[in-house]
Structures are given as C-alpha cells and as structure tokens.
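Right, one structure below, let's go through it.
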Amino acid sequence: MGNYSGDKMKIIITYGTFDLFHVGHVRLLKRLKSLGDKLIVGVSTDEFNARKGKVAFYNYHDRAEIVSSCQYVDKVIPEEGWEQKVSDIKEYGVSVFAIGDDWEGKFDELKDCCNVVYLKRTENISSSLIKSTLSSFGS
C-alpha cells in the first residue's frame, strides 16, 4: 500500500467491545479502513467493561484475537478506560477517530486532537440483539 503523495499516513482509530463478532462489525471495520491507510482498534478489556456495567460473552484476549484476524484491522490495542483516547491519538499519530453513530456527540471533545466521524451502524444486527435472540431459544 503505497502513499506516494508525500503526505503522512492517515491513521484511523476506533474502540469497542466487539463481542459476538458479526457482519455488522465486519462492515464497520471495512468502512473505517476505507477512511485511511491504517486502522487501529481499541478492544475494551474485561475490567473496563465491568466498570461500564457490561459483561462480554468472550473474554478480552479472545475478542482481541478475533478482531485482529479481520483483514481490515492493522493493530489491536487494549481499551482500559475512557481517558486513554487522547493519549492514544497522540501516541499513534491518529488522523481520524471514528465510531458508530449510537455514540453521536459523545466524543466531540476529541475534535481538538483529530477529525471525529460517527458512522451509521448496520441495521438489524448487534451483539445485544444476538444475545437476546439466543436467550429466547431456551424458552
């Protein structure tokens, strides 16, 4: 992947739990990768999810391995807290912070560091919906 214009590499970053990896995740990561040259994904650790009141089906290491196997992802890092985003953006030279539009407006303060993009989610699929549907099978 050559960047022959002399411009610096355009790095995109996103964050999420990425539990029960599904086609919505794949489509989001593909769209994120299309925004630049390199895609970094912060996968929420189990400890961070616990602080958010969230429990993932798969543990952090499994989720990170699944996300890193996606062809659109160049690097996976642990997301250990809300506050790390600014330091990650600076450390990795991020051009664009992007996340699903269910977070619209929640990360606008990052506009001081980089471009912020909220992407439309894939309709009718989410890890929560999958969990809900699976739990109804036993009923």
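Every number here is computed from the coordinates shown, using simple stated rules; none is lab data. Everything quoted here is computed from the prediction, not taken from an experiment. Note that each Cβ is placed from the backbone with ideal geometry, even for glycine, and that neighbours are counted across all protein chains shown.
Brief remarks follow.
- Between K30 and E65, the modelled labels are 2.6 nm apart [label points 7 Å from Cα along Cα→Cβ].
- Region 3-60 shape via C-alpha gyration tensor axes, a/c threshold 1.5: prolate
- Efficiency of FRET from Cβ geometry, E109 and D46, R₀ 25 Å, rounded to 0.05: 0.45
- Using θ = phi - 60° and Karplus 6.51 cos²θ - 1.76 cosθ + 1.60, couplings along region 115-121 (whole Hz; Gly, Pro as x): 6, 10, 10, 10, 9, 5, 7
- Under the simplified labelling scheme, the K90-K8 pair shows an inter-label distance of 1.4 nm, with each label point 7 Å from Cα along Cα→Cβ.
- Restricting region 1-87 to chymotrypsin sites (Phe, Trp or Tyr not before Pro) in coil, as DSSP defines it, with at most 10 other Cβ within 10 Å: Y4
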